[in-house]
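Comments concern the structure below.
The values are calculated or read from the model by the stated rules, or taken from the named source; none is laboratory data. Everything quoted here is computed from the prediction, not taken from an experiment. Virtual Cβ from ideal backbone geometry, glycine too; neighbours counted across all protein chains shown.
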Ligand SMILES: [Zn+2]
Ligand SMILES: [Zn+2]
């Protein structure tokens, strides 16, 4: 696992598949996603490597019910007394009460899907607080839920307007460019969610997969959202 500074109070933990983020408000720590089932110790080591105490992780906000995003959430929450938050529409999947719906795969996504399926299944995980669009999350001076369905029904973005920071979950990804995330259950809905996230015009964007964007982020998001929704004719 690599630990990467995004902003002085924001770090990324990068795993072979997927990543999680650590936000700090003084001593109070928030995790955005928690890696797969084997990620707990690595995340704790990453927190300590920054001179911080994992015992101060107060909350783990899960962007959606995929096992590369919440696999280690309950282990970390149990050890450190953290609360687990997720959108109500993915809560039953995260708790292990429902199967996640299969995505409608595009042909070019098939090899990526085979790779993604190597992530070990996540254990049933409690959700302490079910979220809805617009809910305030209690960190980052007013972090809010932006419901962004399509990748999964309960996918969320997390917006910190005070800091100009946006976490997209898997609605948006970054490979060689910013793009609509892959493996969508409802692609049309995902495109609409991408446009909604782009309209927030964030200065810093943190994706579920791919390196964060810290320069010209709003323009890159808006251009990609337009391109992926097919509403803009490309002129080469
Ligand atoms: Zn996902
Ligand atoms: Zn993912």
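Suppose the filter is at negative phi and surrounded by 14 or more Cβ atoms within 10 Å (Cβ to Cβ); does residue 124 pass it?
The answer is no for residue 124.
Considering only residues that are without any contact (Cβ under 8 Å) to a residue 60 or more places away in the chain and surrounded by 20 or more Cβ atoms within 10 Å (Cβ to Cβ), look in the range 179-199 and name the one that is nearest to ligand 1 (Cβ to nearest atom).
That would be 181.
State which residue is nearest to residue 74 (Cα to Cα) when the search covers only the range 1-26 and only residues that are loosely packed, with under 14 Cβ neighbours inside 10 Å and modelled with pLDDT of 95 or more.
Residue satisfying both the conditions and the ranking: 2.
For the range 102-121, does any single residue satisfy the condition of being more than 16 Å from ligand 1 (Cβ to nearest atom), touching a strand residue (DSSP E or B) at 6+ places or on another chain (Cβ under 6 Å) and either in a loop (DSSP other than H, G, I, E, B) or over 18 Å from residue 152 (Cα atoms) (or both)?
No, the range 102-121 contains no residue that is more than 16 Å from ligand 1 (Cβ to nearest atom), touching a strand residue (DSSP E or B) at 6+ places or on another chain (Cβ under 6 Å) and either in a loop (DSSP other than H, G, I, E, B) or over 18 Å from residue 152 (Cα atoms) (or both).
If we keep just the residues of the range 161-178 that are over 11 Å from the mean Cα position of the chain (by Cα) and free of Cβ contacts under 8 Å to residues at least 40 places away in the same chain, which is nearest to residue 25 (Cα to Cα)?
Checked the range 161-178; the qualifying residue nearest to residue 25 (Cα to Cα) is 162.
Residue check: is residue 85 modelled with pLDDT of 95 or more and not in a loop (DSSP other than H, G, I, E, B)?
Yes; evaluated as a whole, the condition is true for this residue.
Name the residue, out of 210, 150, 140, 154, that is away from ligand 2 (no atom under 16 Å from the Cβ), under 25 Å from residue 68 (Cβ atoms) and part of a loop (DSSP other than H, G, I, E, B).
Within the list 210, 150, 140, 154, the selection yields 140.
State the number of residues belonging to the range 69-92 that are crowded, with 19+ Cβ neighbours inside 10 Å and touching a strand residue (DSSP E or B) at 6+ places or on another chain (Cβ under 9 Å).
Selection size over the range 69-92: 16.
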